[in-house]
């Protein structure tokens, strides 16, 4: 019994030791998680300050609308294509166009069939056109862009029509082919004469995404913009502007603008003024320079800012309201955690460096600081004298270097 009792006591003692070890290990793990280390190694790094905001796209654009807008549009220039002043952008369908086009298509079939039978009429022009026709047919088969297919088909039809006219001219007067071509020309003239062609009044980018905000969200009205006015538009972020069947427009392809409401504390932290340049990141992940064109205070907490950009104008045509990132600033250099920075009563910042068992208090200049980290550099002797530091301290001062160990 005594042996058994002694054995039980040993088990109890062993269990107590194991439990104590477990408690100790758990305590150490928790402390490590809450406070991983009381030192930090100085390294080169980069910190930045950025935020994601919603912005309203403002463009210099001219809406062009004809008299026959109820007839519907046949695009000549495609969406996003550049156009010169005076170039035809689109035309309105003529009355009875569907029937006329049907007759022309039927005649085209008859003309091609007849031309294939008249193999004796060949010239260099005909051979050149034949090559163009075969090449276009081959290229169309490889395309998957509907707009390009439409353009290639138009070019193909033009080449076939031109070939038919040449063959028709060489055909005997009163021949069947000549009659077909003359009949087709009559319908084609009727179609063209009945169409209203709309031409560009300026150079720029063509768009058919007309939303009636062209005279509201315009560079000429920057002074009338406000948070209340923009919110009343009730625009959804990322919503695509629908295509119009009544009108088109030409957009300035050199610049566009983005208006947004921002916190004054962020604007002040970045020291932003009219004329300042900041980086913005669009949805395509591209970072571009944006110039601050206009600032208007909304209240004590917020201001309205308008950025001017000169890149990726075409990519913003589809939208009126977008989400994007503002990169207020970034700084590179010696990077340390904010918790390692201490302050004297005068507000002068310093850090505690640990080296071979000794510690030194070193004054540091904070270049930039975010919520967690700071980029610092050493003060010069002249800068410390300006801050009225004792000459003895300046003479014996230490400096911070890469890979130094800091006490936190």
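One chain, two ends: residue 370 and residue 48. Fully extended at 0.36 nm per residue, the span grows by 115.2 nm beyond their Cα-Cα distance. Between residue 286 and residue 377, the C-beta separation translates, for a Förster distance of 25 Å, into a calculated FRET efficiency of about 0.20.
In terms of surrounding Cβ atoms within a 10 Å radius of their Cβ, 187, 363 rank from fewest to most as 187, 363. Take the Cβ atoms of residue 26 and residue 82, set R0 to 60 Å, and the FRET efficiency comes out at 0.30.
Multiplying the residue separation of residue 295 and residue 401 by 0.36 nm and subtracting their alpha-carbon distance yields 34.0 nm. Taking other C-beta atoms within 10 Å as the exposure proxy, 360, 38 rank 38, 360 from fewest upward.
Sketch the reach of a paramagnetic label on residue 392 as a point 7 Å from Cα along Cα-to-Cβ, and name the residues of the stretch 338-356 whose backbone nitrogen lies under 20 Å away. Under cut-off, by backbone N: 344-346. Centre-to-centre separation between the Cα atoms of the stretch 280-335 and those of the stretch 221-247: 18 Å. With each label modelled as a point 7 angstrom along the Cα→C-beta vector, the residue 361-residue 196 pair spans 8.3 nm.
Just so you know, all these numbers are worked out from the coordinates, no wet-lab data involved. Since the model is a prediction, treat every value here as computed from it, not as a measurement. Methodologically, a virtual Cβ is constructed for each residue, glycine included, from the backbone with ideal geometry; neighbour enumeration extends over all protein chains shown.
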